[in-house]
Protein chains: 2
Amino acid sequence: MTHEARLDLLGQVAVNVGLGLRPGQELVLTAPLDAVPLVRRITEHAYKAGASLVTTLLSDDQAALARYQHAPTEAFDYAPAWLFKGMAEAYSGGAARLAIGGDNPALLADQDPDKVSRANRARSVAYRPALELITNFDINWSIVSYATPAWAALMFPDLSAEAAVAKLWDAIFAASRIDRDDPVAAWAEHNAALHARTTHLNAKRYDALHFTGPGTDLRVGLSEGHLWLGGAERAKNGIVCNPNIPSEEVFTTPHLAHVDGLVRSTKPLSYGGTLIQDIAVRFQDGRIVDATASAGQSVLHKVLDTDDGARRLGEVALVPNSSPISASGLLFYNTLYDENAASHIAIGQAYRTCLEGGTTASDEELARRGANTSLIHIDWMIGSGQVDVDGVRTDGSREPVMRAGEWV
Amino acid sequence: MTHEARLDLLGQVAVNVGLGLRPGQELVLTAPLDAVPLVRRITEHAYKAGASLVTTLLSDDQAALARYQHAPTEAFDYAPAWLFKGMAEAYSGGAARLAIGGDNPALLADQDPDKVSRANRARSVAYRPALELITNFDINWSIVSYATPAWAALMFPDLSAEAAVAKLWDAIFAASRIDRDDPVAAWAEHNAALHARTTHLNAKRYDALHFTGPGTDLRVGLSEGHLWLGGAERAKNGIVCNPNIPSEEVFTTPHLAHVDGLVRSTKPLSYGGTLIQDIAVRFQDGRIVDATASAGQSVLHKVLDTDDGARRLGEVALVPNSSPISASGLLFYNTLYDENAASHIAIGQAYRTCLEGGTTASDEELARRGANTSLIHIDWMIGSGQVDVDGVRTDGSREPVMRAGEWV
């Protein structure tokens, strides 16, 4: 199949599997400038699916860098609140949301960490109302990826630019099930498998998960009325969407106060252009009380200082070590991919959807049940072929959930 | 000078002459996708001038066409109201506004005129609140142009793509005064000349202008308390900006009910991708009662049927036939350029700024004084080397203002 044919299939999967776009729906699309060829495929498929309007907001790495190079220091506390408010209004009005990822993970690696963290914070605050409509599934939404030259170069520094992009595309198409005979059918089958897994875990009602492995001995208490989710979701507007393409994880909400022990990252975390490596943290009563990293430690500490919730967990997710993305052996420096290669935890904001009745419960009720609140939500990998996971029942008894990184 | 050096100068003129961007100000920039190289120059100069944030909204001709090719018919009554509302909020919050023009003037030439007119109408309605903040000079704003391949190909169909773009760039740089020794000083001098002209005309307090030439015998009554404007303007936020780069015109507000006679266009009008040629209309009591064109007549009639104000004048402007843009002998198919090559009239919405106290007067007061209201504002050229203009005083006496297209 030609590259153009595969790109067109990815556009089709994004619109019909990722979003489940409905006739008459508006679509808000964000993408890096490099991704225009995929934007055009998606735009065409969206209109063919009956979209009333596709509005694309393109971002340019060069413009982002120009700000760090030339803008006054005060500038870094500003974010385009008017634009995010507009996006929130579009979602409230029924628009679907598609993001094309693939931005250069190392773009801001050489910029002043203080400016980076202030800009991220301003952006998080301004973007929160729009983001909540997305994470609470008020609307159907999805993320797909584009193999930008900068991203490919980071992953394959020894290859030519062209070969690196080609190799990354192969990985993206494979993980997104574009290389199957019938990608739409492959996604239906995959969703069924993930739903069987979440149904099984939801029936267990574990009180906690216990992770053990090299440098890891971590008990993650689960929130009251936690729900395991994974794969396709039905949004509140009634539309079934696949919010992440690819997606291999099942995930739920930990208890913000019942996480204890030591945990070590099993893959580097790429955050705001910085690579944070060999993270080792200690939790006590749900809170990170000690954190080190062999690289990027100062950025990690800045992140943990964002707010109180930044030191507590908002998500725990299980991914078998044999998942296709893990099997590729690649480090993507991109959460959408790397989080689907290994079991992981996320510090920061919890998902309301991962709690029974969570999307309509009050903030107080959610906090009482153990759901964390924060401006951030950052996933990092703690699973590998050497990590075991036990399910711990309320009575303290336990059973194996994963052994050597695989489902029992 | 290299192309890159001239492009950088155009970016500098856009930010410092066009906008007069102030430290701490936000900038909202719109541009066609092809114009990214100029977007980057402008972004850098804006940050160097102290901008807090530059947000660029890029538009893609291919995505616009995909809608006409694939979207359901109902789609064409939608516009991104949420985005325009967001832009209006940005302006209300103090942001400046820069547009880069240069879109393919013939993009929609082959599309269903009904869809084009419905889409334009939906867009006009949704965009109006944001547009009013601009046209009323609540903020500093400007427009500059980029030589896109599609625009250049339309202007120079016999040249190679490369040669056509190079020739259009030469014309843009010349008209934008980028080829002067000191472009910023050249603009200051040009603004002084335009202001001398508007001061002279404002002192005259003409009751009407009378245009005569081949096929033209038109009396254009001026509104009560009309103001002649041209060149740099001081916006309500106190910032002096040059809203059009280039700009050669002085212009004011006609009286919506006091326009009578015949007028023939002297250049083709490019509207929504259609070329409307040899327009001949008859005005009676301010209203167009008869309109023909040798090409594009059905589009012209659709435009005139937009609303009642679409058949009445909202602007009259004087430009000498010797203006640099006219002297180039080129037809640009682009209002920003072609309107600065010849005296012109605009059907549709009047500018509040062209009336004494206009920006704070009530709608009723403005209507009483003769200012027109409409969803549209479309300029077309009626001046040439064969057209004379008289100024008519309240007592009916007259004096020559232009002879054979030149100032008397």
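The values are calculated or read from the model by the stated rules, or taken from the named source; none is laboratory data. Predicted model only: the values in this text are computed from it and were never measured. Note that we place each Cβ from the backbone using ideal geometry, even for glycine, and neighbour counts take in every protein chain shown. Side chains are part of the model used for accessible areas, which takes the heavy atoms of the whole protein and leaves out ligands, DNA and RNA. Shrake-Rupley method; radii C 1.70, N 1.55, O 1.52, S 1.80 Å.
Which of the residues spanning segment A:116-134 are open to solvent by less than 30 Å² (accessible area, probe 1.4 Å) and either part of a loop (DSSP other than H, G, I, E, B) or not small (Gly, Ala, Ser) (or both)?
First, pick out the residues of segment A:116-134 that are open to solvent by less than 30 Å² (accessible area, probe 1.4 Å): A:116, A:119, A:122, A:126, A:130, A:134.
Result: A:116, A:134.
Identify the residue in segment A:156-189 that is assigned to a loop (DSSP other than H, G, I, E, B) and small (Gly, Ala, Ser) and, among all such residues, is least open to solvent (accessible area, probe 1.4 Å).
Here the residue is A:176.
Quick one: in segment A:223-257, which of the residues that are open to solvent by less than 30 Å² (accessible area, probe 1.4 Å) and β-branched (Val, Ile, Thr) is farthest from residue A:324 (Cα to Cα)?
A:239
Quickly run through segment A:345-373 and pick out the residues that are within 25 Å of residue A:217 (Cα to Cα) and touching a helix residue (DSSP H, G or I) at 6+ places or on another chain (Cβ under 8 Å).
A:347, A:348, A:349, A:350, A:351, A:371, A:372, A:373
Just to be sure before I move on: is residue A:142 part of a helix (DSSP H, G or I), within 20 Å of the chain's Cα centre (by Cα) and either within 28 Å of residue A:351 (Cα to Cα) or not assigned by TED's automatic domain parsing to the domain that holds residue A:353 (or both) in the structure I sent? Even if it seems obvious, please write down each step before you answer.
Details: part of a helix (DSSP H, G or I): no; within 20 Å of the chain's Cα centre (by Cα): yes; either within 28 Å of residue A:351 (Cα to Cα) or not assigned by TED's automatic domain parsing to the domain that holds residue A:353 (or both): yes.
No; evaluated as a whole, the condition is false for this residue.
Considering only segment A:317-408, give the strands (runs of 3 or more DSSP E) lying wholly within it that have at least 2 residues that are touching a strand residue (DSSP E or B) at 6+ places or on another chain (Cβ under 7 Å) and among the β-branched types (Val, Ile, Thr).
Values: elements: A:344-348, A:377-381, A:388-392, A:398-403.
Output list reads A:344-348, A:388-392.
Select from segment A:304-344 the residues that are charged (D, E, K, R) and farther than 14 Å from residue A:379 by Cα and write down the one among them that is least open to solvent (accessible area, probe 1.4 Å).
Top of the filtered list is A:307.
Restricting the search to segment B:82-121, which residues are among the small types (Gly, Ala, Ser), facing chain A (nearest Cβ under 8 Å) and under 24 Å from the mean Cα position of the chain (by Cα)?
Of segment B:82-121, the ones among the small types (Gly, Ala, Ser) are B:86, B:88, B:90, B:92-96, B:99, B:101-102, B:106, B:109, B:117, B:119.
Going one step further and asking which of them are facing chain A (nearest Cβ under 8 Å), we end up with B:86, B:90, B:93, B:95.
Result: B:86, B:90, B:95.
Filter segment A:79-115 down to residues that are outside any helix (DSSP H, G or I) and out of contact with any Gly (no Cβ under 9 Å at 6 or more places or on another chain), then give me how many there are.
10
For segment A:145-200, give me each residue that is of a type in the set (D, E, K, R) and closer than 27 Å to residue A:19 by Cβ.
Residues satisfying the conditions are A:170, A:177, A:179, A:180, A:181, A:182, A:189, A:197.
Checking residue B:192 against (1) open to solvent by 10 Å² or more (accessible area, probe 1.4 Å); (2) part of a loop (DSSP other than H, G, I, E, B), which test does it fail?
(2)
From B:181, B:217, which residue is among the acidic types (Asp, Glu) and closer than 19 Å to residue B:406 by Cα? Steps first, please.
Details: B:181 fails: closer than 19 Å to residue B:406 by Cα.
Criteria check complete, one pass: B:217.
Name the residues in segment B:284-315 that are more than 27 Å from residue B:224 (Cα to Cα) and basic (Lys, Arg), would you?
Result: B:302, single match.
Can residue B:269 be described as of a type outside the set (Val, Ile, Thr), over 28 Å from residue B:140 (Cβ atoms), buried (at least 23 other Cβ atoms within 10 Å of the Cβ) and at pLDDT below 95?
So residue B:269 passes the test.
Taking the stated definitions as given, is residue A:5 more than 22 Å from the chain's Cα centre (by Cα), assigned to a helix (DSSP H, G or I) and away from chain B (no Cβ under 11 Å)?
Against the criterion (more than 22 Å from the chain's Cα centre (by Cα), assigned to a helix (DSSP H, G or I) and away from chain B (no Cβ under 11 Å)), residue A:5 qualifies.
State the number of residues belonging to segment B:291-303 that are crowded, with 18+ Cβ neighbours inside 10 Å and either part of a helix (DSSP H, G or I) or on the phi > 0 side of the Ramachandran plot (or both).
5
For segment B:321-346, give me each residue that is out of contact with any Gly (no Cβ under 6 Å at 6 or more places or on another chain) and closer than 20 Å to residue B:227 by Cβ.
Selection gives B:339, B:340, B:344, B:345.
For segment B:45-66, enumerate the residues that are more than 26 Å from the chain's Cα centre (by Cα) and not in a loop (DSSP other than H, G, I, E, B).
B:47, B:48, B:53, B:66
Suppose we filter A:214, A:149 for residues that are within 26 Å of residue A:387 (Cα to Cα) and not aliphatic (A, V, I, L, M); which single one remains?
One residue alone meets the criteria, A:214.
Which residue out of A:306, A:266 is in a loop (DSSP other than H, G, I, E, B), closer than 17 Å to residue A:374 by Cα and in contact (Cβ under 8 Å) with a residue 60 or more places away in the chain?
A:306
For segment A:353-384, which residues satisfy the criterion of being among the hydroxyl-bearing types (Ser, Thr, Tyr) and open to solvent by 20 Å² or more (accessible area, probe 1.4 Å)? Explain how you work it out, then say what you get.
Here is the first cut: in segment A:353-384, the ones among the hydroxyl-bearing types (Ser, Thr, Tyr) are A:353, A:359-360, A:362, A:373-374, A:384.
Correct list: A:353, A:359, A:360, A:362, A:373, A:384.
Can you tell me which residues in segment A:21-77 are over 18 Å from residue A:102 (Cα atoms), surrounded by fewer than 18 Cβ atoms within 10 Å (Cβ to Cβ) and more than 9 Å from chain B (Cβ to nearest Cβ)?
A:22, A:73
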